[in-house]
Amino acid sequence: MYEAYYHLQAKPFQLTSDPRFFFSSKGHRRAMAYLVYGAHQGEGFIVITGEIGAGKTMLAATLAHNVASRSLVLAKVVSTNLEADDMVRMVATSFGLPQENSKAALLNAVEQFLLACHRQGKRALLVVDEAQNLPARSVEELRMLSNFVSADKPLLQTFLLGQPEFRKTLQSPAMEQLRQRVIATCHLGPLDGAETEAYIVHRLQTVGWREDPSFSKEAFAAIHQYTGGIPRKINVLCDRLLLLSRLDEKHAITVNAVALVVNELQQEFAPADLQVGQKEGA
């Protein structure tokens, strides 16, 4: 709605993970370095954790875009509290394999697929997102899949992306064997104030922004204060800011505009009983 008004080529603050918008903050750059390193190692597990909206899925999407080649077969599983057997089925499906009646047959199909990739000079990479939802048995199933080897060379590498509580799962005594196979781990923190401003400018410039609308320094600071430097929260707030500015036909985003949108968002997501009380007291 506002793209044409501000002469933007696309929405700059969309919530979907488009690698064009990847912002290389200090934390994200470090995490990406681990992922790229792991992709070249071709073995073991790499664990990336971070708060909700910190950019873990964007990391995975950007990695897939950057390392995509004819020699890499990449599959992705988004965990929804999958049990062990269901995890194996999801992995098989993600690699495009047909379902089998028994788990033994399914595991054999996965192994044969991985061996075929190896014979063709290809590497198989599995990305598991929202790993904090996995029961310990399902994580252990992923470790068992890493046992598939050919001439002492691992046939499957796995990246585990999850919220901070996933680290507790990994720290349990039952995860000792998996921990020994983790070759790198990184935690994504929030953006600081300067990075928040740079992140917003980066996304705007990606879609052809020429400082219309402009943002005041105070507006950038207020955005960071409200969002805590979490990229997804920044996207939601800035998208609403641009919409409001378009409706009001304004070409400058001020701290007052940020305060107005923040108040609107807080009202929208406040508990229903609180909203009723506020209306009655108005």
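The values are calculated or read from the model by the stated rules, or taken from the named source; none is laboratory data. Being a predicted model, the structure only gives us computed values, none of them experimental. We work out accessible area using only protein heavy atoms, side chains counted, and drop any ligands, DNA or RNA first. Shrake-Rupley method; radii C 1.70, N 1.55, O 1.52, S 1.80 Å.
Points to keep in mind about this one:
- Kirkwood radius and radius of gyration were both taken over the C-alpha atoms of the range 2-133, and their ratio Rg/Rh is 1.03.
- The 1.4 Å probe gives accessible areas that order 197, 51, largest first, as 51, 197.
- Distance between the range 25-50 and the range 175-198 - C-alpha centres, whole angstrom: 8
- Compactness of the chain - radius of gyration and Dmax, Cα, Å: 22.3, 74
- Heavy-atom accessible area for residue 65, with the other protein chains in place and a 1.4 Å probe, reaches approximately 120 Å².
- Against the chain, whose longest principal axis is taken from its Cα atoms, helix 26-41 shows a tilt of about 20°.
- Summarised in one figure, the compactness ratio Rg/Rh of the range 154-220, Cα atoms and Kirkwood Rh, is 1.24.
- With the whole protein complex present, residue 187 retains an accessible surface near 80 Å², based on a 1.4 Å probe.
- Calculated mean residue ellipticity at 222 nm for the chain: -15500 deg cm²/dmol, from DSSP H runs with n ≥ 4 weighted as -39500 (n - 2.57), summed, divided by the residue count and rounded to 500.
- Gyration tensor verdict on the range 55-167 (Cα atoms; rounded if a/c is under 1.5, prolate if a/b is larger than b/c, oblate otherwise): oblate
- Unsatisfied cross-links (Cα-Cα over 32 Å) in the set 11/217; 122/168; 76/217: 122/168; 76/217
- Heavy-atom accessible area with a 1.4 Å probe sorts 175, 144, 58, largest first, into 144, 58, 175.
- Debye intensity ratio in log₁₀ form over the Cα atoms of the range 1-78, taken at each q of 0.23, 0.24 Å⁻¹: -1.17, -1.25
- With all protein chains modelled, accessible area of residue 181 [1.4 Å, Å²]: 80
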